[in-house]
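Pasting a structure here, questions to come.
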Amino acid sequence: MGSDPRIEIAKAMPMREVIERLPLEGLRRDGRELVGPCPRCGGRDRFGINLDRGLFLCRVCGAKGDGLDLAQHVLGCDFKGALDHLAGAAIEVDPAELARRKARARAERARQEAEAARYREAAIRDAATIWSSARSPAASPVVEYLAARAIRLRELPKSLRFKPDHPYVRKIGGRLVTLHRGPCMIAAIQGPDGRLAAVHQTWIDLSKPSAKAEIVDPETGEAFPAKMVRGSKKAGAIRLGGDPSAGVLVMGEGIETTLSARVIAPLGPAVYWAAVDLGNISGRMLPPRNSGQPDPADDRAFVPPPWVRRLVLIQDGDSDPEATRAKLLSGLRRAQSAIPGLAGEIVHPGAGRDLNDLLRELGDKPGRTEESTT
Ligand SMILES: [Zn+2]
């Protein structure tokens with residue numbers, strides 16, 4: 001079986017072609033992915049196929065893998081059955097035909113990559129338009145939104161801006177729908193070269209207990225998160241200020257957690273960056289699941305800039321501490337292999353809590369402001 005030339009053919013087959021050969025239903029396009037119900041365990045949007053990477057994942061039953069794995073998952077067959085389905089029954093394959101198929105697969109991959117690059121460039125242009133049309137957050141609802149989380153800073157970071165009437169647009173059923181408009185905190189996500197690569201948007205509604213807008217599709221009643229990224233966030237970060245003199249970088253997932261760390265400032269001089277999501281800290285991991293070992297082939301994962309001597313990653317209270325820990329470990333190890341001698345640690349404020357909960361408790365005590373601790 002190991003020498004069966006059909007394996008190479010099936011593995012070289014673009015994901016788009018694999019999908020055409022399978023009875024998959026109800027998938028819709030979401031950026032560079034197809035998203036929908038899992039063919040095994042159902043649901044609405046737990047199942048995703050990444051066309052660029054040629055991989056699929058079900059977040060609930062955990063099935064994942066490449067095109068051959070997908071064929072097994074959908075058809076409920078074994079490896080040989082999937083191979084027969086994708087590459088035809090075992091017959092002698094003419095070397096010329098094999099070469100033709102490989103060339104076609106290469107061309108399809110190049111086309112796919114070019115399309116992904118075009119999509120990314122358009123998203124980065126959108127991000128630049130949003131950023132340049134936003135204004136300083138001074139005396140805006142952004143100040144109150146952060147104050148509702150006990151985050152009070154003398155001066156907000158330059159990476160935060162404000163738009164008073166920003167539309168919340170989502171693709172639903174293939175068309176763009178504006179589900180909401182209103183005040184929005186805009187955060188700049190800067191790539192490793194310092195250039196704007198994406199914006200992180202948080203729609204604010206100060207009348208709600210969370211101070212975030214509640215966004216609901218009026219037709220289906222489906223609720224959507226009040227936060228959305230536009231652009232290319234890979235390897236980027238929201239740079240939330242601080243003091244670089246000691247070479248310490250403190251990195252949390254969200255803006256609120258990271259700013260909470262900056263206000264509490266237990267570490268002395270440090271710079272505070274938000275990674276936007278855990279996947280961006282961890283990058284791709286090697287198998288098995290939750291290995292905590294970074295995949296060195298992932299060249300688009302976050303690595304700290306070379307001036308960093310000590311990296312502190314903040315672990316939030318999370319429903320899945322094992323997965324969270326593994327992602328942070330992967331990020332730490334990736335950083336340590338990029339910067340020889342880098343000191344690193346993972347800190348967390350206790351089970352089921354995040355740093356902002358801690359800050360809100362501290363916030364009741366007088367004198368805990370940024371000025372008194374830095
Ligand atoms: Zn599933």
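The values are calculated or read from the model by the stated rules, or taken from the named source; none is laboratory data. Just so we're clear, the structure is a prediction, and the values are computed from it rather than from any experiment. Cβ sites come from the backbone with ideal geometry, for glycine too, and all protein chains shown count toward neighbours. What goes into the accessible areas is simple: the full protein's heavy atoms, side chains included, and nothing from ligands, DNA or RNA. Shrake-Rupley method; radii C 1.70, N 1.55, O 1.52, S 1.80 Å.
Considering only protein heavy atoms, what per residue accessible area in square angstrom results for the chain with a 1.4 angstrom probe?
Value for the chain: 51 Å² per residue.
Label points 7 Å out from Cα along the Cβ direction at Arg170 and Ala99: separation in nm?
Modelled inter-label distance: 5.1 nm.
Check Ile189: other-chain or 5+ apart residues with amide H under 5 Å from its amide H, H built from backbone geometry?
Ala197, Ala198, Val199, His200
Explain nothing, just compute: Karplus ³J(HN,Hα) = 6.51 cos²θ - 1.76 cosθ + 1.60, θ = phi - 60°, for every residue of segment 192-200 in order, whole Hz, x for Gly and Pro.
For segment 192-200, the Karplus curve yields x, 7, x, 7, 5, 10, 6, 10, 9 Hz.
Can you give me the % of accessible surface on the chain that is carbon or sulfur? Probe 1.4 Å, all protein chains present, nothing else counted.
Within the chain, the accessible surface is 52 percent carbon and sulfur.
For segment 302-324, list residues with backbone N below 12 Å from a point placed 7 Å from the Cα of Leu267 toward its Cβ?
Of the residues in segment 302-324, 308-315 have backbone N under 12 Å from the label point off Leu267.
Here's another thing I want to ask about it. Output the peptides 329-336, 341-348 sorted from most to least packed, where packing is the average of other Cβ atoms within 10 Å over each peptide's residues.
Numbers: 329-336: 22.4, 341-348: 14.4.
Averaged packing, sorted descending, gives the order 329-336, 341-348.
Provide the packing ranking of 49-59, 125-135, i.e. peptides ordered by the mean count of other C-beta atoms within 10 Å per residue, highest first.
Working: 49-59: 18.2, 125-135: 15.8.
Listed from highest to lowest mean packing, they are 49-59, 125-135.
Can you work out the Karplus-derived ³J(HN,Hα) for every residue in segment 54-70? Use 6.51 cos²θ - 1.76 cosθ + 1.60 with θ = phi - 60°, whole Hz, and x for glycine or proline.
x, 10, 10, 7, 9, 6, 9, 8, x, 5, 7, x, 8, x, 5, 5, 5
Just subtract the alpha-carbon distance of Ser337 and Asn290 from 0.36 nm times their residue separation and send over the number in nm, one decimal. Show your work: numbers first, answer last.
Values: separation 47, 0.36 × 47 = 16.92 nm, distance 1.89 nm.
Residue separation times 0.36 nm, minus the Cα-Cα distance, leaves 15.0 nm.
For Arg46, what residues show an amide H to amide H distance below 5 Å, using hydrogens built from the backbone and excluding near sequence neighbours?
Result for Arg46 returns Gly36, Cys38.
Something else: Label segment 234-374 by shape, choosing from rounded, prolate and oblate, from the square roots a ≥ b ≥ c of the eigenvalues of the Cα gyration tensor; if a/c is under 1.5 it is rounded, and otherwise prolate applies when a/b is larger than b/c, oblate when it is not.
Oblate.
Among the listed pairs Lys64/Lys327; Lys64/Lys212; Lys102/Lys233; Lys233/Lys327, give every one whose C-alpha distance is greater than 27 Å.
Flagged as over cut-off: Lys64/Lys212; Lys102/Lys233.
With a ≥ b ≥ c the root eigenvalues of the C-alpha gyration tensor of the chain, is it rounded (a/c under 1.5), prolate (a/b larger than b/c) or oblate?
prolate
Follow-up. ³J(HN,Hα) across segment 267-284 via Karplus (A = 6.51, B = -1.76, C = 1.60, θ = phi - 60°), whole Hz, x for Gly/Pro?
10, x, x, 7, 9, 10, 10, 9, 8, 6, 8, 4, x, 6, 6, 7, x, 6
Can you list residues from other chains, or at least 5 along the same chain, whose modelled amide H is less than 5 Å from the amide H of Asp30?
Val35
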